[in-house]
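Chemist: Have a look at the structure that comes next, please.
What follows is calculated from the coordinates using simple rules that are stated; it is not laboratory data. In this text, all values refer to a predicted model and were calculated from it rather than measured experimentally. Note that each Cβ is placed from the backbone with ideal geometry, even for glycine, and that neighbours are counted across all protein chains shown.
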Amino acid sequence: MDKTENNDDFTFCQVGDSEPKGLPDVSSMSIKDDKNGGTIWGNNSRSNVDSEKQEKVGSLTFKVIDASSQKPSTKEGGSNVGSSKETKSAVKKPATRAKVPFQIGYSHMDWLKVTRTHPDLAGLKGQSNKRLIPLSEVKLHNTEDSMWTVLKGRVYNITPYMKFHPGGVDMLMKAVGKDCTALFNKYHAWVNAEFMLEKCLVGILDDSRK
């Protein structure tokens with residue numbers, strides 16, 4: 001052969017257009033499945049459509065819905081905060097009272113010391129503190145020297161406790177010679193009066209005798 005075949009020669013050639021075609025903007029588009037009648041991709045909550053066109057990528061043909069001009073739904077579930085207000089408790093809060101400053105030597109701790117050291121705070125003089133006492137007898141003890149009261153069915157001699165009372169003597173005088181259970185529960189029902197006045201116990205109220 002006169003000429004030697006050169007297989008190394010090659011030629012650059014341009015295929016297609018000089019610039020690639022821009023892909024459609026899919027950020028605001030939706031894809032629907034014609035066969036199943038559902039939305040494959042996009043915001044399916046939008047009911048109104050501005051335009052619809054058919055696109056083809058390779059062998060896939062699909063409808064493109066341009067919903068960019070549609071406003072997203074702003075409907076939100078109603079708040080049930082107003083309808084779920086907490087019901088008020090049926091239990092009444094204790095009434096507030098003005099506390100009187102303690103005198104020196106008459107604090108709560110001082111009273112506990114007295115209950116441990118005094119031999120007869122109730123003034124029983126050897127009598128039993130389990131005897132039945134009618135309310136009529138309680139009413140007789142309403143003087144400064146002898147002040148009795150009834151609290152939750154028990155009769156107490158509160159004479160030695162008067163100056164130790166946090167609410168003052170005047171407030172405690174309202175309980176002298178009568179049943180003070182309602183008054184006690186109004187201001188401090190949580191107080192363990194049975195423990196505080198244990199050494200002042202005179203007897204048990206006799207409900208059968210007035």
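Chemist: Which entries of 113/174; 113/186; 130/163; 152/199; 163/199; 125/174 show an alpha-carbon separation above 21 angstrom in the structure shown? Walk me through the numbers before you get to the answer.
Modeler: On the way: 113/174 26 Å; 113/186 27 Å; 130/163 26 Å; 152/199 16 Å; 163/199 16 Å; 125/174 26 Å.
Listed pairs above 21 Å: 113/174; 113/186; 130/163; 125/174.
Chemist: May I pose another question? Which order do peptides 103-109, 132-138, 159-165 fall in by mean Cβ count within 10 Å, highest first?
Modeler: Values: 103-109: 10.7, 132-138: 15.9, 159-165: 18.4.
Highest mean packing first, the order is 159-165, 132-138, 103-109.
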